[in-house]
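Engineer: My questions all concern the structure below.
The values are calculated or read from the model by the stated rules, or taken from the named source; none is laboratory data. This structure is a prediction, so every number in the text was calculated from the model and none was measured. FYI the Cβ positions are ideal-geometry reconstructions off the backbone, even for glycines, and counts take in every protein chain you see. Remember, those area values only see protein heavy atoms, side chains included, never the ligands or the DNA or RNA. Shrake-Rupley method; radii C 1.70, N 1.55, O 1.52, S 1.80 Å.
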Amino acid sequence: MAPIPSLLLAAFPPELAGFTGRPATGWIAACTGIGALPAALETARLLQALAPERVLFVGTCGAYGEDLALGQAVWAQEAVATSVEEAEGRAYRPDLERSRWAATWHPPLPFPAQTVAVPPAITRTEAGAGALARLAGVEHLELTGVYAACEAAGIPCGAVLAVANRVGPAAHAEWRAHHAEASRSLLAALARLGLFGPA
């Protein structure tokens, strides 16, 4: 089977903002599921089945602190598997365990570059957010799985995420209020770049 040019991925359908199936000529859209491990497994399955030439992941994220505005789109230059316990020095990884994967899509898309923390669960405390903010600018749950699967398959991959909330006690309520609009705005911004065809 000839490779498709591009695969557009998101964790679940609302983050594709209506771009499902074939969102544009040369693209196929699909969902990975929520969480890094399901995302890694489903991405690997899709890569084997579809043989894309490149992968773009889109989704929402939570920002650590106030530097990024709600709705701001960021380029995920690196995804880091971590946890609050690790960031606070109460847990550690074996020296041989890999925890960082870089975007391999070049050139990067024209959004501010951020390192993305990928913890095993959503951070709910201000103290936890402060600890992880020393490692990354935003938090997201799937990206290490996606980047790892694409690197293992030798397929260029990148991600653009839209800030839908601040990480902390009010994160879930804020995400519920903003994630749909953040995803729509993100896909519209990508379309304006001409990524899905003529702008």
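Engineer: DSSP loop (so not H, G, I, E, B), at most 12 other Cβ within 10 Å: list which trypsin sites (Lys or Arg not before Pro) in the range 97-155 pass both filters.
Structural biologist: Those satisfying the criteria are R98, R134.
Engineer: Charges only on Cβ, +1 for Lys and Arg, -1 for Asp and Glu: so what's the dipole of the range 57-199 about the Cα centre, in debye to the nearest 20?
Structural biologist: 280
Engineer: Taking only Cα atoms, what is the 0 to 90° angle, nearest 10, from helix 143-153's long axis to the longest principal axis of the chain?
Structural biologist: With rounding to tens, the tilt is 50 degrees.
Engineer: Got the relative contact order for the chain handy, in percent, Cα pairs under 8 Å and 6 or more residues apart?
Structural biologist: 30
Engineer: Give me the extension gain from A177 to A191: residue separation times 0.36 nm, minus the current Cα-Cα distance, reported in nm with one decimal.
Structural biologist: That pair, A177 and A191, stretches by 2.7 nm at full extension.
Engineer: Just the accessible area for H106, please: 1.4 Å probe, Å², rounded to the nearest 10?
Structural biologist: Approximately 140 Å² of H106 is accessible to the 1.4 Å probe.
Engineer: Divide by every residue of the chain the summed helix terms, -39500 (n - 2.57) for each DSSP H run of at least 4, and state the resulting mean residue ellipticity at 222 nm, rounded to the nearest 500 deg cm²/dmol.
Structural biologist: That comes out to -9500 deg cm²/dmol.
Engineer: Counting pairs of Cα atoms in the range 104-190, how many percent are more than 16 Å apart?
Structural biologist: When every Cα pair of the range 104-190 is considered, 60 percent fall beyond 16 Å.
Engineer: Between exposed GluC sites (Glu not before Pro) in the chain, where DSSP calls loop and at most 16 other Cβ atoms lie within 10 Å, what's the longest gap?
Structural biologist: Longest stretch, sites excluded: 98-199.
Engineer: Round to the nearest 10 and give me the degree value, 0 to 90, for the angle of helix 36-50's Cα axis relative to the longest principal axis of the chain.
Structural biologist: It works out to around 10 degrees.
Engineer: Now, a different point. Identify which of the listed values of Cα extents along the principal axes in Å was calculated from the structure shown: [x] 48, 38, 26; [y] 65, 45, 33; [z] 53, 35, 30.
Structural biologist: Read-out from the structure maps to [x].
Engineer: If you take the charge dipole of the range 86-171 about its Cα centre, with +1 on Lys and Arg Cβ and -1 on Asp and Glu Cβ, which of P120, G168, L135 is farthest toward its positive end?
Structural biologist: G168
Engineer: What distance in nm separates the two pseudo spin-label positions at A153 and A49, each 7 Å out from Cα along the beta-carbon direction?
Structural biologist: 1.1
Engineer: I would also like to ask the following. What percentage of the solvent-accessible surface of the chain, computed with a 1.4 Å probe over protein heavy atoms, is contributed by carbon and sulfur atoms?
Structural biologist: 58
Engineer: Let me ask something additional. Any chance you could give the angle, 0 to 90 degrees and rounded to 10, that helix 171-192 forms with the longest Cα principal axis of the chain?
Structural biologist: 30
Engineer: Something else about it: Probe of 1.4 angstrom, ligands and nucleic acids ignored: what's the accessible area per residue over the chain, in square angstrom?
Structural biologist: Using a 1.4 Å probe on heavy atoms only, each residue of the chain averages 47 Å².
Engineer: Which residues does a label at A113 reach in the range 47-71, if reach means a backbone N under 15 Å from a point 7 Å past the Cα toward the Cβ?
Structural biologist: Once the point is set 7 Å along Cα→Cβ of A113, nothing inside the range 47-71 turns out to lie under 15 Å by backbone N.
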